[in-house]
Amino acid sequence: QKVSVEVLDHLEHLALVDFRDSEGVERLQKAIQFADQLHEVNTDGVEPMDSVLEDRCLYLREDDVTEGNCTKELLENAREKVEEYFVAPPGNIPLPKLEERETFLQGS
């Protein structure tokens, strides 16, 4: 199953992953084929779940603050920050234009 240019463009912008070369496109196609196996599972009569742990009581631990006032030291680890906040993800990858990507898909 081939991946269309539109789907590739959408996935790249969602995941911030660059599929510019044929190896990246091939890896994506294999991942889609692997995930397509889920369509073969019969889920008739199976209730949707919020969590796999919904039948258990989850106990919360006490939230004891043991250290603090280290904002300056923590922000030194940030690649990019705005005011006193981490910027995540640290910038979008430069993606090729839609027309440029068609050449990669034709070769895969």
Heavy atoms only, probe 1.4 angstrom, no DNA, RNA or ligands counted: give me Y85, Y59 ranked by accessible area, highest first. Y59, Y85
In Å², and per residue, what accessible area does region 1-40 have when probed at 1.4 Å with the other protein chains present? 75
Please state the Cα pair-distance histogram of region 23-71 with 10 angstrom bins from zero: what percent is in each bin? 16, 20, 20, 20, 22, 2
Accessible-area composition of region 1-94, carbon plus sulfur, in percent [1.4 Å probe]: 52
At 1.4 Å probe size, put V25, V52 in order of accessible surface, largest to smallest. V52, V25
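Could you compute the FRET efficiency for V7 and L60, with r as their C-beta to C-beta distance and R0 at 41 Å, rounded to 0.05?
Calculated transfer efficiency: 0.50.
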Could you compute the FRET efficiency for K81 and S51, with r as their C-beta to C-beta distance and R0 at 35 Å, rounded to 0.05? 0.60
Rg and Dmax of region 1-40, using alpha carbons, in Å: what are they? 10.4, 31
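The values are calculated or read from the model by the stated rules, or taken from the named source; none is laboratory data. Just so it is clear, the model here is predicted, and its values are computed rather than measured. Note that each Cβ is placed from the backbone with ideal geometry, even for glycine, and that neighbours are counted across all protein chains shown. Ligands, DNA and RNA are stripped out before the accessible areas are found, and what is left, the full protein with its side chains, is counted by its heavy atoms. Shrake-Rupley method; radii C 1.70, N 1.55, O 1.52, S 1.80 Å.
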